[in-house]
1. Looking for something in contact with a Gly (Cβ under 6 Å, 6 or more places away or on another chain) and of a type in the set (Gly, Ala, Ser) - is there at least one such residue anywhere in the range B:233-247?
2. Is it true that residue B:300 is farther than 10 Å from residue B:164 by Cβ and over 16 Å from the mean Cα position of the chain (by Cα)?
3. How many of the residues in the range A:234-256 are surrounded by 21 or more Cβ atoms within 10 Å (Cβ to Cβ), closer than 25 Å to residue A:108 by Cβ and at pLDDT 95 or above?
4. Any idea which residue in the range B:100-128 is surrounded by the most Cβ atoms within 10 Å (Cβ to Cβ), counting only those that are more than 8 Å from every other protein chain (Cβ to nearest Cβ) and assigned to a strand (DSSP E or B)?
5. So residue B:135 fits all but one of (1) within 8 Å of chain A (Cβ to nearest Cβ); (2) out of contact with any strand residue (DSSP E or B) (no Cβ under 9 Å at 6 or more places or on another chain); (3) in contact (Cβ under 8 Å) with a residue 40 or more places away in the chain; what number is the exception?
6. Examine the range A:252-267 for a residue that is within 13 Å of chain B (Cβ to nearest Cβ), over 16 Å from residue A:298 (Cβ atoms), touching a strand residue (DSSP E or B) at 6+ places or on another chain (Cβ under 8 Å) and in a helix (DSSP H, G or I), and state whether such a residue exists.
7. Within the group B:212, B:219, which residue is aromatic (Phe, Trp, Tyr), modelled with pLDDT of 95 or more and assigned to a helix (DSSP H, G or I)?
8. Is it true that residue B:305 is of a type in the set (Phe, Trp, Tyr) and under 25 Å from residue B:164 (Cα atoms)?
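The values are calculated or read from the model by the stated rules, or taken from the named source; none is laboratory data. If you're wondering where the values come from, they're calculated on a predicted model, not measured in any experiment. No Cβ is skipped: glycine too gets one built from the backbone with ideal geometry, and neighbour counts run over all protein chains shown.
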Number of protein chains: 2
Amino acid sequence: MVSKKIPARAATMEDVAKKAGVAISSVSRALSDHPDVSEALKKKVTDAAKKLGFEPNLLASSLRSGSTRTVGFLVRDISSPLFSLIAKGADDVLRAHGYLLLLTNSDGDTEVETSHLNLLARRRADGIIASLVAETEVETLQALQQFKGHVVVLDRDLVDVTASFVQIDHRSGVRDAVRHMLQLGHRRIALVTGPVTVRAGRERLKGVEDAFKEVGLKFPMELLRSGSYDSDFAEEAVIDLFSSDLKPTAILAGGVQSSEGVLKGIRSLGLTIGREVAFIACDEVSFLELSSPPISVVSRDPYSFGRVSAQVLLDAIEGHGPQIRVLSTHYIARATSTPPI
Amino acid sequence: MVSKKIPARAATMEDVAKKAGVAISSVSRALSDHPDVSEALKKKVTDAAKKLGFEPNLLASSLRSGSTRTVGFLVRDISSPLFSLIAKGADDVLRAHGYLLLLTNSDGDTEVETSHLNLLARRRADGIIASLVAETEVETLQALQQFKGHVVVLDRDLVDVTASFVQIDHRSGVRDAVRHMLQLGHRRIALVTGPVTVRAGRERLKGVEDAFKEVGLKFPMELLRSGSYDSDFAEEAVIDLFSSDLKPTAILAGGVQSSEGVLKGIRSLGLTIGREVAFIACDEVSFLELSSPPISVVSRDPYSFGRVSAQVLLDAIEGHGPQIRVLSTHYIARATSTPPI
């Protein structure tokens, strides 16, 4: 058992300041991991606090300062590789500035999401980084607007909401991918993705349409299967597409779980990607490149997405006005970008 | 712009209780998402609070109650698929009980980890779910022991620490996998994994040794490459193994990033898994099954791991004593469990 020293009377912040030979305000800042405090001072104070068995209560100091040094992170599902990389990027920046992430998962339920927003407000989070389920859910938008801290919205187009926005330029990466498919001779190119009522799906569709337009064609809307990012939805969409008259020769999957579902669907039909059907995933995960054949992808950098979002939030906390940042995507052709057979 | 109503004077909890026709204590519990409050009461209270523009300050009520309804989640890197699934499982259980997860990443740095433990103590987290970097880091163990809330340790063997433990039985899953390799005729079976000074690596090695012992053989320790879960470490280990006299005919990779590194190494040598070399990964990720050929795995259920850990923590918060739970692993033979050529 690690031994515990119990002091005769509870030490106070004054005792720590005295022992460390610093001002009380320095003790307070050092113990709340304030970023402006030097490592040397921090060590001096924590050593003194440790010797005296002093345990500051950050709740009390939060009540005084009005800052809890917490940032709410609202996502659909942290176990998605996309969101967990965003979380890591955001945490790396926030940690260096003395903030902790409060994580919430909505499971795609807007009511849960709204109640999380209200809960984070009541817990006095300094800011929120939010990947919202929808763009037009009135209750969610109200909760967001009523939140008194700073808000960074990830990859959503919201009307009449004062917040910073960090957007992904899905459109240009998808356009490049589909342009390549068209050059290879494909015409029946399917898009399987989430709802087009939300920015990512909508922008991907625009990218597909752009590429068709460039060669004087119109994207056949029968080849759009949008509505959900679930793997099951994508799997069924593929099976349905291949039972239709307009069988695709190439498929673009918009989203990590969409890609999984499309791959399952293709496999269940006994087809091989890069041979009977060209295939491009959206969003890089490590096994795409490691699979045989290596899978083409429209890639973005979720880790940087998280870092930039956190930086934009810190800017807002420091008094800067709302910002809009747009991050790029790019198409990486691998062994599944093949011509039609 | 979503309109905001500003009341003439700030509403109080008493006003809300009066308007909702309930006791003040009910208002307090309803607004802090206390799990024992019915949905009907919660709605009544939040509606009244909304109409009056009342915003409770949970900081103040936390100071009164001593409970912040937060749980610290300490991991090396949330962007690992393993940890993000654990986080999702834990959050699903904790959310239903009105707790939020405070996320921290140590990047494998024990000093960062220790400072996070101290920070969570100062922020009065009610509990901590911790996947520690090491098992014998004195400062970390002291910080853990001094933490006044409840602690659930994930998959570590700690001496003289009072906490609950949720362990993974890596040994039996690995033993089954290696038994199968031996039955297929392999004798030069390599294990590439993290440090054997930490439970997961140590138990995997025991599993390998068990299987060799069953057939009256001894595992050749030259085929153990342990030390780090980094992809780069595993990649270099594979290249080194194939340049040695004792070239492996089968490789077991202990960990998600280890598996990635091993696959990269095998590919860079121009070898094909399931043909020139048998391959088994530890820890399931979706693309293992979807890759060609589908990759064999020693699987565990990280989502359940998270759920069980949260449940054990809630039990402790409710006054139960420390528990030890052990969760199983199982071997799934797929197309890369092939005999030596």
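1. For the range B:233-247, residues in contact with a Gly (Cβ under 6 Å, 6 or more places away or on another chain) and of a type in the set (Gly, Ala, Ser): present.
2. So residue B:300 fails the test.
3. The qualifying residues number 9.
4. Filtering the range B:100-128 for residues that are more than 8 Å from every other protein chain (Cβ to nearest Cβ) and assigned to a strand (DSSP E or B), the one surrounded by the most Cβ atoms within 10 Å (Cβ to Cβ) comes out as B:128.
5. Of (1) within 8 Å of chain A (Cβ to nearest Cβ); (2) out of contact with any strand residue (DSSP E or B) (no Cβ under 9 Å at 6 or more places or on another chain); (3) in contact (Cβ under 8 Å) with a residue 40 or more places away in the chain, only one is false for residue B:135: (1).
6. yes
7. None of the others qualify; the one that does is B:212.
8. Yes, satisfied.
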